[in-house]
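A short worksheet on the structure shown next.
Readers should treat all values here as calculations from the given coordinates under stated rules, not as data from a laboratory. What you see is a predicted model; the values in this text were computed from it and never measured. Reconstructed Cβ throughout: ideal geometry from the backbone, glycine too, with neighbour counts over all protein chains shown.
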Amino acid sequence: MLFPIPLHLKNGGTIVYQATLYSVHKVHSMEVVDSGLVYLEGKITNQ
């Protein structure tokens, strides 16, 4: 329940640590916007 399982996404290096009670997303991806490519990096937590 409390031990996260890492899931590797194929969007540039994003890793999702998923447990029953919470999840953490370490975001590393490229996104296309009007001015060109933007590199997104950060952390998202859900409880």
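When the chain is treated as a GNM with alpha-carbon contacts under 10 Å, the residue of VAL32, VAL16, VAL24 showing the greatest mean-square fluctuation is VAL32. A simple spin-label model places the labels of ASP34 and TYR17 3.7 nm from each other, with each point 7 Å out along Cα-to-Cβ.
Skipping prolines and chain starts, which residues have an amide H placed within reach, meaning under 5 Å, of the one on HIS28, given they are 5 or more residues away or on another chain? Under 5 Å from the amide H of HIS28 lie the amide H atoms of THR14, ILE15, each far enough along the sequence or on another chain.
Please identify every one of the trypsin sites (Lys or Arg not before Pro) in the chain that sits in a loop by DSSP and has no more than 14 other beta carbons within 10 Å of its own beta carbon. Within the chain, the qualifying trypsin sites (Lys or Arg not before Pro) (loop, at most 14 other Cβ atoms within 10 Å) are LYS10.
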